[in-house]
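To keep things clear, I will list the structure first and then write my remarks on it.
The values are calculated or read from the model by the stated rules, or taken from the named source; none is laboratory data. Everything numeric here is computed off the predicted structure, so don't read it as measured data. Note that we place each Cβ from the backbone using ideal geometry, even for glycine, and neighbour counts take in every protein chain shown.
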Amino acid sequence: MARRRRAATRDSGLDDAYAQIVDWYRHQLSITKPPNDLLWEPIKIGPTWQWDEETGWLLPKWTLGWGVLAWCGHWLRDKDGDPWQFTMEQARFILWFFAVDEEGDFLYPTAVLQRMKGHGKDPVAACLALAACFAPVTFDHWDASGEPVGREEPAAWVQIVAVSQEQTENTFDLFKTLVSAEAITRYRIQINGFDVYGLGGTRRIQAVTSNPLSIEGGRPTLVIRNETQNWQKQNRGFQMAAALDGNVAKSATAARSLDICNAYRTNEESVGRQMREAYDQSVANPDLAIADLGLLYDSLEAPPEAPLTVEDAPHVVRAIRGDSVWLDARPKSMIIKSILNPSNTASESRRKWFNQILAAEDDWMQYPECWANMAVPLEVSAADQVVMFFDGSKSDDATALIGCRISDGYVFTLGIWERPPRSLPDWKINRDVVDRRVRQAFEAYNVVGFWADLSNARDDETGERYWEPYCDRWAEDFARELSDLPAVNSGPSRHLVAWDMRNPSHTAVFVQEAERFISEIAEELFQHDGHPLLTKHVKNAKRNPGKFGISLSKEHRESARKIDAAVCAVGARLMRRMWLNRPKSKKRPPGKGRVVVMN
């Protein structure tokens, strides 16, 4: 690791004060443990709550966050006039937000802090806005012990952005009490309504509301986007987000962005939803090569099965409030009264106070808590008889391959391929990659059936259906294995693999299976592997009533929220049922198979 050391004239008294604050945080983090008496264990997304019995809290190897904690502790004040102290939860988030790599570059240019209502997100944002202007937030050099040393950003420009003035007021109202008299003097800070200036106007914090044209072209060093779950098309939230992304991308400095939000509403399109889905996609599918988006997503959420009852709600709130102990979780508190108030919908109470992302009324999956309970990572052995269902796309929709074990109906993911974010317009799924995965599955398991619903997309060169030649080769190469469960057994469309969903008879049996699929989830009658992308596709699907019953579909044709893996899961369960119900004369004993590692 290359290290650049620099000697500089510093205020030794100030350095000592900073060091004492850092020592205090290090000590507190060393003696603080997660609560062990929670009745409802929260879902923990991100590194903030990752803890090990032997090593303690998971903290970054290198971070400029210690300097930020020290600066805030010395120059900022709480509402009582005492030196500012972050909770240990907030401190850990800040350490990760300012984590750097061996070159001194930030690990996370973008971060999202999603917490329940009242958690204290605005004070954290206000502190970080001030720190971005006056604290050592930009990497400068490595000290003699190999620790990163920061410096101030001489042209710091922070934008606090919201789609309404009221939202920015929540943050700007805090500056009047946060900034100490000593800080005002040292940094010549001026607080003027929705602008904060320092050091002769060279540092600035600016409030921005929903006018994309007013912000386009700026070059901020930090953008704080407030309440992004409310950034929607009708209030120009998506335009705002696009303009800000452009500004951050072309900034000459290491510009960064921080979103603070509650859980989004699943029946609404929002920037908050986009960010969460981008994160889910990045961690779910390594084949997309986007696992390292530089996105720090941190959330503390109630589990899906947590009930909204007078007995349980206080325990749930206590679990997901984290270190925000000022949130009253007692049974008679205003929070619990709000949760139990019949005039407040259950979905809004769960979103605000449980920080949950829940099913909408038109969602196909109305039992997310049951689906979550059914997620069990089980081993599928080489001797297990399995069936596979494939849904092939060319460029827009996802391509998916889902398996189902004959013996117990266990649903498992063999591959899900989605269009990568920001891909070129001519991007197409790599058929050879999918073909290898299919062949690996035949090597690894005792496959007794393989059906494929092929899209009608055409090959640009040959004009034939995009997946047709592969489907024909699969039928030819695996004819022996697939002979007992052909996709189409007779007629002009006879084929071992090709199973066209548009065929009315196929549609009818698929819709029946889709209804059965939901009923079995409600009763938790089978298990699945819990793959994040499979779960995402299941939750993306919408109810689609038709002549044969209630099926599943995308919310609209151009929707970016794909459902192909959910379709394959239903198809695989249908294949298993067809296998079990086939005539006895066609039944054959399980094969031995052999083990092959699936890469």
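Selection of segment 124-150 for residues being farther than 13 Å from LEU64 by Cβ and in contact with a helix residue (DSSP H, G or I) (Cβ under 6 Å, 6 or more places away or on another chain) yields VAL124, ALA125, ALA126, CYS127, PHE134. The condition of being outside any helix (DSSP H, G or I) and farther than 20 Å from ASP564 by Cβ holds for only one of PRO425, PRO421, that being PRO425. If you go through segment 293-318 and keep only what is out of contact with any Pro (no Cβ under 7 Å at 6 or more places or on another chain), part of a loop (DSSP other than H, G, I, E, B) and under 14 Å from MET275 (Cα atoms), you end up with just LEU293. Apart from one condition, SER180 fits all of (1) at pLDDT below 95; (2) of a type outside the set (Phe, Trp, Tyr); (3) closer than 20 Å to HIS74 by Cα; the exception is (1). Evaluated against (1) closer than 15 Å to PHE389 by Cβ; (2) at pLDDT 95 or above, ARG473 falls short on exactly one condition, (1).
Would you check if there is a residue in segment 118-125 being of a type in the set (A, V, I, L, M), closer than 24 Å to PHE354 by Cα, at pLDDT 95 or above and not in a loop (DSSP other than H, G, I, E, B)? Even if it seems obvious, please write down each step before you answer.
Restricting attention to segment 118-125, the residues satisfying the condition of being of a type in the set (A, V, I, L, M) are 124-125.
Subsequent filtering for residues that are closer than 24 Å to PHE354 by Cα retains 124-125.
Now narrow it down to the ones that are at pLDDT 95 or above: 124-125.
Keeping just the survivors that are not in a loop (DSSP other than H, G, I, E, B) gives 124-125.
Yes - at least one qualifying residue is present in segment 118-125.
For segment 135-166, a residue qualifies if it is closer than 28 Å to CYS261 by Cα and among the hydrophobic types (A, V, I, L, M, F, W, C), and the qualifying residues are ALA135, VAL137, PHE139, ALA155, ALA156, TRP157, VAL158, ILE160, VAL161, ALA162, VAL163.
Listed here are the residues, each with its yes/no results for (1) buried (at least 18 other Cβ atoms within 10 Å of the Cβ); (2) in the same structural domain as ILE45 (by TED's automatic domain parsing); (3) charged (D, E, K, R); (4) at pLDDT below 95.
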residue	(1), (2), (3), (4)
SER347	no, no, no, yes
ILE357	yes, no, no, yes
ASP362	no, no, yes, yes
MET365	yes, no, no, yes
PRO377	no, no, no, yes
PHE389	yes, no, no, no
GLY392	yes, no, no, yes
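Selection of segment 47-74 for residues being among the small types (Gly, Ala, Ser), more than 22 Å from GLU102 (Cβ to Cβ) and under 29 Å from the mean Cα position of the chain (by Cα) yields only GLY56.
Meeting the requirement of 1 or more residues that are crowded, with 18+ Cβ neighbours inside 10 Å and either acidic (Asp, Glu) or at negative phi (or both), the strands (runs of 3 or more DSSP E) wholly within segment 151-242 are 157-161, 195-198, 203-208, 222-226. Taking segment 451-530 and the helices (runs of 4 or more DSSP H) fully enclosed by it, the elements with 3 or more residues that are aliphatic (A, V, I, L, M) are at 504-522.
Among the residues of segment 319-345, those identified as more than 23 Å from the chain's Cα centre (by Cα), outside any loop (DSSP other than H, G, I, E, B) and either closer than 19 Å to GLY120 by Cα or not basic (Lys, Arg) (or both) are MET334, ILE335, ILE336, SER338, ILE339, LEU340. Could you list, in sequence order, all residues of segment 243-289 that are within 24 Å of PHE139 (Cβ to Cβ), touching a Lys or Arg at 6+ places or on another chain (Cβ under 8 Å), at pLDDT below 85 and part of a helix (DSSP H, G or I)? If the condition is that a residue be within 24 Å of PHE139 (Cβ to Cβ), touching a Lys or Arg at 6+ places or on another chain (Cβ under 8 Å), at pLDDT below 85 and part of a helix (DSSP H, G or I), then ASN247, VAL248 are the ones that fit. Taking the condition within 26 Å of LEU327 (Cβ to Cβ), crowded, with 22+ Cβ neighbours inside 10 Å and either assigned by TED's automatic domain parsing to the domain that holds THR63 or of a type in the set (Phe, Trp, Tyr) (or both), does LEU130 pass? Judged against the criteria, LEU130 is a match.
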